[in-house]
Amino acid sequence: MVMTPTAYYPTTNIKTSSWRTSKPVIDYSKCTRCMICWKFCPDVAIDINENPDYEAPADRIKKMEAPFIDYDHCKGCGICANECPFDAIEMVREGEDK
Ligand code: SF4
Ligand code: SF4
């Protein structure tokens, strides 16, 4: 029998964040929805909420698509926080939830 390595089990079902020591938290009152964080995340752990009702720095931004963190897959590398041009992402140590 030929064994073929296949991605039979959807990789999205595999949670890969157990070793994270800190996590990104988005301050939506500063977030302009530029989506730079989404573009830079190496783990595709930032998703898009198409119907958000989050805070926003301006009313016209409030209904725009917004990023949210998939904490089941975020590994806490901090790249998103480093790249956000509006300083809207803070890395918070696990267990010290805001
Ligand atoms: S990079 Fe910052 S401002 Fe832009 S969408 Fe992400 S959190 Fe919001
Ligand atoms: S901390 Fe790293 S893995 Fe987590 S959302 Fe930000 S860029 Fe992605």
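Excluding Glu50 itself, calculate the net charge of residues whose Cβ lies under 14 Å from the Cβ of Glu50, where each Lys or Arg counts +1 and each Asp or Glu counts -1.
Values: positive: Arg33, Lys62, Lys63; negative: Asp47, Asp53, Glu65.
Once all neighbours under 14 Å are counted, the net charge is 0.
Extending each Cα 7 Å along its Cβ direction at Tyr71 and Trp19, get the distance between those two points in nm, one decimal.
Distance between the two pseudo-spin positions: 2.1 nm.
Normalized C-alpha radius of gyration of region 26-93, against 2.2 N^0.38 Å?
On the way: Rg = 11.2 Å, N = 68, 2.2 N^0.38 = 10.9 Å.
Working it through for region 26-93, the quotient is 1.03.
Please give me the summed charge of the neighbours of Gly76: other residues whose Cβ is under 9 Å from its Cβ, Lys and Arg +1, Asp and Glu -1.
Values: positive: Arg20, Lys23, Lys75; negative: Glu94.
Neighbourhood net charge equals +2.
Quick one: among Asp59, Asp43, Asp70, which has the greatest mean-square fluctuation in a GNM of the chain with alpha-carbon springs under 10 angstrom?
Among Asp59, Asp43, Asp70, the largest mean-square fluctuation in the Gaussian network model of the chain belongs to Asp59.
Taking the Cα centre of the chain as the origin, how large is its charge dipole in debye, to the nearest 20, when only Lys and Arg (+1) and Asp and Glu (-1) carry charge on their Cβ atoms?
Result for the chain is approximately 160 debye, rounded to the nearest 20.
For region 26-93, what's the relative contact order in percent, using C-alpha pairs closer than 8 Å and at least 6 residues apart? Don't skip to the answer; put the middle values down first.
Values: 107 pairs, mean separation 28.3, N = 68.
Reported relative contact order: 42 percent.
Based only on other Cβ atoms within 10 Å, what is the fewest-to-most ordering of Val92, Val44?
Starting with the residue having the fewest Cβ neighbours, the order is Val44, Val92.
Under 17 Å between alpha carbons, and skipping anything fewer than 8 positions from Lys30 in its own chain: which lysines qualify?
Correct list for Lys30: Lys62, Lys63, Lys98.
Taking a Cβ-Cβ separation under 4.7 Å as the criterion for a possible partner, which cysteines of the chain have none?
Lone cysteines by the Cβ rule: Cys31, Cys34, Cys41, Cys74, Cys77, Cys84.
Per-residue counts of other Cβ atoms within 10 Å, averaged by peptide: what ranking do you get for 49-56, 17-24, highest first?
On the way: 49-56: 13.4, 17-24: 15.1.
Top to bottom by mean Cβ count within 10 Å: 17-24, 49-56.
We did not get these values from a lab; they are worked out from the coordinates using the rules stated. On a predicted model such as this, the values are computed, not experimentally measured, just so you know. Cβ coordinates were reconstructed from backbone atoms using ideal geometry, including for glycine residues, and neighbour counts include every protein chain displayed.
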